[in-house]
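Here, each number is a calculation from the coordinates, and none is a lab measurement. Just so it is clear, the model here is predicted, and its values are computed rather than measured. Heads up, the Cβs are rebuilt from the backbone with ideal geometry, glycines too, and the neighbour counts pull from every protein chain shown.
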Amino acid sequence: MKPYELLLENNEKWAAGKVQSDPDFFKRLTNIQTPEFLWIGCSDSRVPANEITGTEPGEIFVHRNIANLVIHTDVNLLSVLEYAVVHLRVEHIIVCGHYGCGGVKAAMGNADYNQVLNMWLRNIKDVYRHNREELDTISDENERTDRLVELNVKEQTQRLAKTSIIQKAWKHRKGPDLHGWVYSLKDGIIHPVFEMKAGADIDPIYRFDNI
Ligand code: CO
């Protein structure tokens, strides 16, 4: 059996198991999805949103990229954000990084990863530069990486609040709340590190008045 064939076989078993324990499971999800959460996570294969939060299909709308970045020119992310906020009306957005993130580690080094990855990782280097005073005092490299993971999650969460998508939603429906979390690969525990409730203060330069 080829490795990918095993995935299809597992899928059949999974689907059968679902129907066995809940005969209406797929019927319920066929025509509508009403997730309460948008998850912006790292693409890392060890951090699957549903599995680590004990949630089922239909409960979390998911976007993942390397190092869970929120980039204002990323049409992919912005489309997901707009759909989740405006149409699905999610109540919570979670930016979830993870300790030991390879993207964050790579951004802390000086290797050339060629243009596209360099461009992507540069966003994390900016987070480092903005927090250099604190980060440079941490001598242990792994500890420094993990602190940058936390600061990166905070920065990306704040970036969500800078979009007109979030500001409009905050003004008109007092939601969603924004959460910055970090998952630990070592023990599987998620640590909340930052939070912005709907309507939280943002730097005035990013505020839109007429929305
Ligand atoms: Co990662």
Over the chain, relative contact order from alpha-carbon pairs under 8 Å, at least 6 apart, %: 20 percent
Taking the chain as a Gaussian network, Cα atoms linked when under 10 Å apart, which of Asn123, Asn31, Asn131 shows the biggest mean-square fluctuation? Asn31
Between Gln115, Gln167, Gln20, find the one with the highest GNM mean-square fluctuation for the chain; connect C-alpha pairs within less than 10 Å. Gln20
Where in the chain are the DSSP H helices whose C-alpha atoms run 27 Å or more along the long axis and whose mean Kyte hydropathy is at least 0.0? none
Run lengths n ≥ 4 of DSSP H only: what is the helix-derived mean residue ellipticity at 222 nm for the chain, with -39500 (n - 2.57) per run over all residues, to the nearest 500? -13500 deg cm²/dmol
Residue pairs, from the table Lys125/Lys168; Lys18/Lys197; Lys2/Lys125, whose Cα atoms sit over 32 Å apart: Lys18/Lys197; Lys2/Lys125
The ³J(HN,Hα) series, computed from each phi in segment 28-45 with the Karplus coefficients 6.51, -1.76 and 1.60 at θ = phi - 60°, rounded to the nearest Hz and given as x for glycine or proline, is 4, 8, 5, 9, 8, 10, 10, x, 8, 10, 10, 10, 10, x, 7, 5, 2, 5
Under-5 Å amide H pairs with Tyr183, H placed in peptide plane, nonlocal only: Gly97, His98, Tyr99, His191
Which residues qualify? For Glu195, with a placed amide H closer than 5 Å and at least 5 residues away or on another chain, they are Gly180
In terms of the charge dipole of segment 35-201, which places +1 on Lys and Arg and -1 on Asp and Glu at the beta carbon, the residue among Thr53, Leu81, Val182 farthest towards the positive end is Leu81
Toy charge model, Lys and Arg Cβ at +1, Asp and Glu Cβ at -1: the chain dipole around Cα centroid in debye, rounded to 20, equals 560 debye
Given the options Gly100, Gly41, Gly54, state which has the largest fluctuation in a GNM of the chain using a 10 Å cut-off (strictly under) for Cα springs. Gly54
